[in-house]
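Values quoted throughout were computed directly from the atomic coordinates according to the rules given, and no laboratory measurement underlies them. Just so you know, these numbers come straight off a predicted model, no measurement behind them. Every residue, glycine among them, receives a Cβ derived from its backbone with ideal geometry; neighbour counts consider all protein chains shown.
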Amino acid sequence: MLKQRIITALILAPIALGGIFLLSPLYFSWFIGGVIVIAAWEWANLSNVTNQAARCSYALVMAGLLLGCQFLSPALVLTLSLLWWCAAFYLVKTYPKNTIFWAQPLVRLIIGALVLVPAWKGLVFIRTSDVMLMDRAGAPVDVNSLLVIFYVMIVVWGADIGAYFAGRAFGNKKLAPSVSPGKSWAGVYGGLIVVGLLAIVVGLILHLDSKDTLLLLLITLVTGIVSVLGDLLESMVKRFRGIKDSSQLLPGHGGVMDRVDSLTAAVPVFAFVCLMLGWLGKSVAL
């Protein structure tokens, strides 16, 4: 299993990094859109849609939603996403008590759209935006939008890695045992310590003033917390469906959805907060 995981990771890593860092904004949106469509095909199975034709149809519908979403303002989509993740927190917290609200396959398919479409919109918005930060002297800080995307990814990975080691060492009190028995509160705290230190280091590297460093720290901590919610939501749906992985597309790693579940929550929330703070400004059209 470990060998299989390593081989898959070695194949996927250059594809993922190339798709993110080497493509123009337009092709970047297509690349991320392709990932979202594959994840949608997997989400259809999580929604008890097992017929391949129906699953492919849902994936095509998702592609259509992405095309339509490009004409909506980022503020609208990201605000709706924030409201959705507040509702998702309630669903995860009360599982399995309130499964009646989302047990029907159609409702779960709608949830899939609420999870996946804003993640695409958030990534494309960041990719096509100017980053507007100021250093301690009041001068603009030159930060490429691709580095902002990479930062969000590092925050999610850092939260996950910190949670893994802290959970193994101190994880006695479970976070959500009915949803994901392996997660603990110690893991959450460990992940937040890791991403908090990351934010402080980045603030120092960019020479941000104390206010912006504090804001970056708060945004990063919120993003780290929300990334856990994204993971828990998919775990909840998989548990209800009675499956371990969203698919077997990635040998040793499960499915695409299993790899991006945390990002689907972290990206739109991070993008929303940065938009509200004026740290991101639209500058490039697809």
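A few remarks follow.
- Bins of 10 Å, starting at 0 and running to the largest distance - Cα pair percent for the chain: 6, 28, 37, 23, 6, 0
- Across the cross-link table entries Lys93/Lys238; Lys97/Lys238; Lys93/Lys174; Lys93/Lys183, which are compared at the Cα atoms, there are no separations over 18 Å.
- Leu10, Leu65, Leu91 arranged by Cβ crowding within 10 Å, fewest neighbours leading: Leu10, Leu65, Leu91
- Gyration tensor (alpha-carbon) shape descriptor, the stretch 1-54, a/c threshold 1.5: oblate
- Packing, as the average of other Cβ atoms within 10 Å across residues, places the peptides 257-268, 187-198 in the order 257-268, 187-198, highest first.
- For the stretch 35-88, applying the loop criterion from DSSP together with a ceiling of 12 other beta carbons within 10 Å to the chymotrypsin sites (Phe, Trp or Tyr not before Pro) yields Phe71.
- Loop trypsin sites (Lys or Arg not before Pro), the stretch 154-252, which have at most 11 other Cβ atoms in a 10 Å radius of their Cβ (DSSP): Lys173, Lys244
- Cα shape, the stretch 86-241, gyration tensor, a/c 1.5 rule: oblate
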